Every structure is written in structure tokens, then in C-alpha cells.
Amino acid sequence: MIEAAGIIASILGVYFSGQRKSMAWIWNILASGIYMYVFYEAGLYSDMELQGVFILMAVYGLYQWQREDSAWKPSKSSFRQIIIGLLLALTYGIVAGYLHERFAVAVKSPYWDAALAGLSMLGTYWAAQRKIENWILWILVDLAYVGMYLVNGLWGTAALYTFFVFMAIYGWISWRNKLKIK
């Protein structure tokens, strides 16, 4: 039941993000609060901790998206920004995976979970910064999350992330059309 509430809030967050509506961040805050509990119960501690970061990033994203023109356009990251972001995200994954493996009780998939958490933080930051690359990253991350959730028995959440892959494709197309990238 609680997982279902998280699924609904998550879908609404991604949908409104694709529409470039700031209310996406409010739905993301609600979804993250719910999923913090779901992931704690599942032993996916990096994902649980990630939800706290998502809440903070959602507050930042809400601020960013409301403070500027409502007819904003997405922008592109430089190659250097992409490489630095990916290196930081994966470094986080290695460090957090190690710490969870070493010190957390009943942790599941520590490195996989932590690497995806790091990449998810990067994707959220890029979304808040209105970088179009966030959608490509989300497509790849969501595909990897589907596998991790299936392995860990979170069938509803695996289905949600399968749906997220399609929502990320939609978001990328929507933002690309707004940016007029061909």
C-alpha cells in the first residue's frame, strides 16, 4: 500500500518534470518521503539515504524553476561538466558502497545501489539546472534500477522504473523539442 502511494507520487513528479512544471518538485518531495521508508524496509540503504538528498534537491529545484521565466528552455552541458559529474557520481558509489558493505546490517546490493544513488543525485542536479542530459542519464539509471529492484523483490517499484524509462524518453523528446536540437 505504501509502495503504491510512492509509485503514484513518483509518476506525477516525472510527468510534471517532462512538462517543465515546477509542481514536479512537490510531487518528488512526497515520493521521496514515502520511498525513504520503502527502501529502509527493503535494506537498500543507499536508496533510502538518496531520498533525503532528493528532498533537498527538490527544494533547490523548486526554487530554481520558480525564480526564473516560466517559458524557460533547457540547456546543454559541456563535455567537461558531464565527465566531472559522472566521475563524482561513481566515486560516491564506490565510497558509499564500501561503507554500507562494511558497516550496515542487512544491506543488499551495496555497490549497485550506491552507484545508482550517486548517478541519481547527478541526474537530479542536472534536472534542477535544466540540463537536457538529465533525461539520457535517467534512461540508463532507470534501466539499471529495474534490474536491482527485481533482484531485491520490489516488483511494483521495478514496474515503476520500467515506466520511468518511457517517461524519461518522453521528457528528453519534450525538452529536446523546446531546445530545438535536431
>> Being hydroxyl-bearing (S, T, Y), open to solvent by less than 30 Å² (accessible area, probe 1.4 Å) and modelled with pLDDT under 95: is that true of S17 here?
In response: yes
> Within the range 26-70, which residues are among the small types (G, A, S), over 12 Å from the mean Cα position of the chain (by Cα) and within 15 Å of A5 (Cβ to Cβ)?
Replying inline: G33
> Quick one: how many residues across the range 34-81 are in contact (Cβ under 8 Å) with a residue 12 or more places away in the chain, of a type in the set (D, E, K, R) and out of contact with any Phe, Trp or Tyr (no Cβ under 8 Å at 6 or more places or on another chain)?
Replying inline: 3
>> I need a count of the residues in the range 1-54 that are closer than 15 Å to A127 by Cβ and β-branched (V, I, T).
In response: 4
>> If I ask for residues that are farther than 19 Å from L99 by Cβ, crowded, with 20+ Cβ neighbours inside 10 Å and out of contact with any Leu (no Cβ under 6 Å at 6 or more places or on another chain), which ones from the range 35-78 would you list?
In response: Y35, V38, F54, M57, A58, G61, W65
> Would you pick out the residues in the range 101-121 that are open to solvent by 20 Å² or more (accessible area, probe 1.4 Å) and not aromatic (F, W, Y)?
Replying inline: E101, R102, A104, V105, A106, V107, K108, S109, P110, A115, L119, M121
>> Please return the ranges of helices (runs of 4 or more DSSP H) entirely within the range 76-182 where 1 or more residues are farther than 21 Å from G18 by Cα and modelled with pLDDT of 95 or more.
In response: 79-103, 110-128, 133-151
>> Please go through (1) touching a residue at least 24 places away in the same chain (Cβ under 8 Å); (2) surrounded by fewer than 16 Cβ atoms within 10 Å (Cβ to Cβ) for G171 and return the number of the only condition it doesn't satisfy.
In response: (2)
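The values are calculated or read from the model by the stated rules, or taken from the named source; none is laboratory data. For clarity, every value in this text was computed on a predicted model and none was experimentally measured. No Cβ is skipped: glycine too gets one built from the backbone with ideal geometry, and neighbour counts run over all protein chains shown. Surface areas here come from the heavy atoms of the whole protein model, side chains and all, with no ligands, DNA or RNA. Shrake-Rupley method; radii C 1.70, N 1.55, O 1.52, S 1.80 Å.
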